[in-house]
Amino acid sequence: MISSAQELIEDIVQPRRWALGEIAGRLVEISSSSAAAGLTLAFSLVLEAQRRGEIVGWVTTVESFFYPPDAALGGVDLSSVVVVRVPDGESIARAGEKLLRSGSFGLVVLDLGSADVSVPLQSRMAGLAHRYHAGLLCLTEKSDQTFSLSSLVSLRAHAERRRADNGLFRSCLRILKDKRRGPTWSHAEECHGPAGLC
């Protein structure tokens, strides 16, 4: 669990936007038309959580999975990410709820793709994230014009990846909804593409 008092003090001194402290205790959704941008921004939170000594849970289906060598190249310690692979999209949120209920995870990522989550289950997960001050991040595949998972989503961002002038890629988050600050901010990170991508 993340120390909320410490995060609050740091946020007052130097306000941050896309950071683990910003999403802790909230139901957060990153939507994107392609998985690459959302994954990059999710893994920046995974890396931050690991640097803080937090346990990270990642739930996905057996058909969909991030590419482990890319995550490892970005500095993620794969041996300390608890990965749960379930048979279908409907099982992702139920598995995520179990991880949150344990109170042991600082960050739980649900790689939903196009799967939907019932509002009662979203409500329970949001309550658990708040109770344990854990980050709950849902990755969805949809356009920025499509509705979020529900009104329970506290922070909704849309991710895009663009090629930068210097040969790197720029992963950009545009905030569509933020119940704490309002949708008035954005975030961008530059990173290398996977090996062989020119």
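So the values come out like this:
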{"quantity": "Test result for ARG156, open to solvent by less than 20 Å² (accessible area, probe 1.4 Å), of a type in the set (Lys, Arg) and not in a helix (DSSP H, G or I)", "calculated": "yes"}
{"quantity": "Failed item in (1) touching a strand residue (DSSP E or B) at 6+ places or on another chain (Cβ under 8 Å); (2) in a helix (DSSP H, G or I), with SER143 passing the rest", "calculated": "(2)"}
{"quantity": "Residue match in the stretch 73-83 (condition: over 23 Å from TRP18 (Cα atoms) and part of a helix (DSSP H, G or I))", "calculated": "yes"}
{"quantity": "Residue list for the stretch 159-185, restricted to those being within 17 Å of TRP18 (Cβ to Cβ), in contact with a strand residue (DSSP E or B) (Cβ under 6 Å, 6 or more places away or on another chain) and in a loop (DSSP other than H, G, I, E, B)", "calculated": "PRO183, TRP185"}
{"quantity": "Selected residue (only one of LEU99, LEU107 is assigned to a helix (DSSP H, G or I), buried (at least 21 other Cβ atoms within 10 Å of the Cβ) and modelled with pLDDT of 95 or more)", "calculated": "LEU99"}
{"quantity": "Which listed residue, of LEU121, LEU128, is in a helix (DSSP H, G or I) and more than 27 Å from ARG52 (Cβ to Cβ)", "calculated": "LEU121"}
{"quantity": "Output for the stretch 26-69, where each listed residue is open to solvent by less than 10 Å² (accessible area, probe 1.4 Å), among the hydrophobic types (A, V, I, L, M, F, W, C) and over 25 Å from GLY103 (Cβ atoms)", "calculated": "ALA37, LEU41"}
{"quantity": "Among (1) more than 18 Å from THR140 (Cβ to Cβ); (2) modelled with pLDDT under 95; (3) part of a helix (DSSP H, G or I); (4) out of contact with any Asp or Glu (no Cβ under 8 Å at 6 or more places or on another chain) - the single one GLY21 does not satisfy", "calculated": "(4)"}
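The values are calculated or read from the model by the stated rules, or taken from the named source; none is laboratory data. Remember, predicted model here, so these are calculated numbers, not experimental data. Methodologically, a virtual Cβ is constructed for each residue, glycine included, from the backbone with ideal geometry; neighbour enumeration extends over all protein chains shown. Note: accessible area is taken over every heavy atom of the protein model, side chains too, but ligands, DNA and RNA are not part of it. Shrake-Rupley method; radii C 1.70, N 1.55, O 1.52, S 1.80 Å.
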